[in-house]
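Visitor: Got a structure here, written out as structure tokens. Questions coming.
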Amino acid sequence: MNKIGVIFDLDGVIVDTAKYHFLAWKDLADHLGFEFTEAHNELLKGVSRVRSLEILLDIGKVELSEEKKQEFLISKNEHYLKYITKMGAEEILPGVNELLDALDALGIQYVLGSASKNAPLILKQVNLYERFVGIVDGNSVSKAKPDPEVFLIGAEKLHLKPEQCVVFEDAIAGIEAANAANMISIGIGDEKTLHKANFNFKNLTEIPDNFIKELMDKTKAI
Ligand code: BG6
Ligand code: MG
């Protein structure tokens, strides 16, 4: 059996924070006077905060000064944090605790690899912070997903080579980042959207009991 480590994306894999991002971005769009739908919100998944604002402004065909952009980035995050600070362990997505328990039982370490600058706070809110041996978040990278940087730093924290790392991701940019890092990519969500992943599951409860063990056997073959 080969030694492996796991890197988890946060938003959409461990917790469903997209709904809170949606409410906060929608509030900004309302303020700027254009419609922002849940379909629009899909475009922001896995994307950095700054890039998210650019996409939102493109949708509304709004041009703003750098100063205004900075102001809205701050106010959007303050709004988002109002939801985040109310989160608790009940918001952990189904299958997460079971998967972490299974990894612990196999002696497999895991780190977080997220675009969010709020990642440490969110993990603390849901009482999972202590379980991760390392956190790589939006504050630790210079290049956002689909650049592999976030996951390559994750591999360093695991003291493993990229090809020994397994990435759980719900966003296309994240799957592309994992593939570019030469890691095993596991798409969580819609299989068609995440067709570039090495493996696909609708959610973490669908992962078969022996899946991780089999991965350990197969890592070299992939
Ligand atoms: C990602 C989310 O995890 O984090 C994106 O999928 C979000 O939607 C990004 O824009 C940045 O998050 P934050 O918390 O730093 O604004
Ligand atoms: Mg995500």
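Visitor: Send over a whole-number figure in Å² for the accessible area per residue of the chain, probe 1.4 Å.
Guide: Result: 50 Å² of accessible area for each residue.
Visitor: Over the chain, what relative contact order in percent results from Cα pairs under 8 Å that are six or more residues apart?
Guide: RCO, the chain: 25 percent.
Visitor: Among the DSSP beta bridges whose two residues both lie in the chain, what percent are antiparallel, rounded to the nearest 5?
Guide: So the antiparallel bridges in the chain amount to around 5 percent.
Visitor: Roughly how many nanometres apart are two label points built 7 Å out from the Cα toward the Cβ at ALA39 and PHE211?
Guide: Placing both labels 7 Å along Cα→Cβ, they lie 3.0 nm apart.
Visitor: Within the set LYS45/LYS213; LYS19/LYS196; LYS86/LYS192; LYS45/LYS124; LYS76/LYS143, which residue pairs have Cα atoms separated by over 28 Å?
Guide: LYS45/LYS213; LYS86/LYS192
Visitor: Loop only per DSSP, at most 12 neighbouring Cβ atoms within 10 Å: give me the trypsin sites (Lys or Arg not before Pro) in region 130-186, ordered by residue number.
Guide: Taking region 130-186 and a limit of 12 other Cβ atoms within 10 Å, the loop trypsin sites (Lys or Arg not before Pro) found are LYS143.
Visitor: Then there is this: Restricting attention to region 173-221, which trypsin sites (Lys or Arg not before Pro) occupy a DSSP loop and are surrounded by at most 16 other Cβ atoms within 10 Å?
Guide: Answer by residue number: LYS192, LYS196, LYS202.
Visitor: To test your reading of the geometry: what angle, between 0 and 90 degrees and rounded to tens, separates the Cα axis of helix 96-106 from the longest principal axis of the chain?
Guide: The helix 96-106 is inclined about 30 degrees to the chain.
Visitor: Sticking with this one: Where the accessible area of region 131-217 is counted over protein heavy atoms with a 1.4 Å probe, how much of it, in %, is carbon and sulfur?
Guide: 47
Visitor: Modelling each spin label as a point 7 Å along the Cα-to-Cβ direction, I'd like the ASN182/SER75 distance in nm, to one decimal.
Guide: A separation of 4.7 nm, rounded to one decimal place.
Visitor: Would you kindly calculate the translational diffusion coefficient of region 30-78, applying Stokes-Einstein with the Kirkwood radius from alpha carbon pairs, for 4 °C and a viscosity of 1.567 mPa s, and quote it in µm² s⁻¹ without decimals?
Guide: Taking Rh from Cα pairs, D becomes 115 µm²/s.
Visitor: To the nearest 0.05, what FRET efficiency results for ASP147 and LYS218 with a Förster distance of 35 Å applied to their C-beta separation?
Guide: Given R0 = 35 Å and the Cβ-Cβ separation, E is 0.85.
Visitor: Here is a follow-up. Can you tell me, using C-alpha contacts under 8 Å and at least 6 residues apart, the relative contact order of region 18-84 as a whole percent?
Guide: Contact order relative to length: 43 percent.
Visitor: Okay, moving on. May I have the convex hull volume per residue, in Å³, for the Cα set of the chain?
Guide: Hull volume normalised by residue count: 112 Å³.
Visitor: Using a 7 Å offset from Cα along Cα-Cβ at ARG131, what residues in region 58-91 end up with backbone N under 16 Å from the label point?
Guide: Those under the cut-off are 88-91.
Visitor: Computing the accessible area with a 1.4 Å probe over protein heavy atoms, can you report the carbon and sulfur percentage for region 18-84?
Guide: Exposed carbon and sulfur together represent 52 percent of the surface.
Visitor: Same structure again: Please check the chain for the longest run free of GluC sites (Glu not before Pro) that are loop-located per DSSP (anything but H, G, I, E, B) and have at most 14 other Cβ atoms within 10 Å.
Guide: In short, 64-190.
Visitor: Continuing with the same structure: Would you report the distance distribution of C-alpha pairs in region 1-101 as whole percents per 10 angstrom bin, up to the bin with the largest distance?
Guide: Result returned by the calculation: 13, 42, 26, 13, 5, 1.
Visitor: Mind checking the angle between helix 49-60 and the chain's longest principal axis? C-alpha axes, 0 to 90 degrees, to the nearest 10.
Guide: Helix 49-60 sits roughly 50 degrees off the main axis of the chain.
The values are calculated or read from the model by the stated rules, or taken from the named source; none is laboratory data. Remember, it's a predicted structure, so these values are computed and weren't measured experimentally. Because the Cβ atoms are built from the backbone with ideal geometry, glycine has one as well, and the counts that use them run over all protein chains shown. Keep in mind that these areas ignore ligands, DNA and RNA; they rest on the heavy atoms of the full protein, side chains included. Shrake-Rupley method; radii C 1.70, N 1.55, O 1.52, S 1.80 Å.
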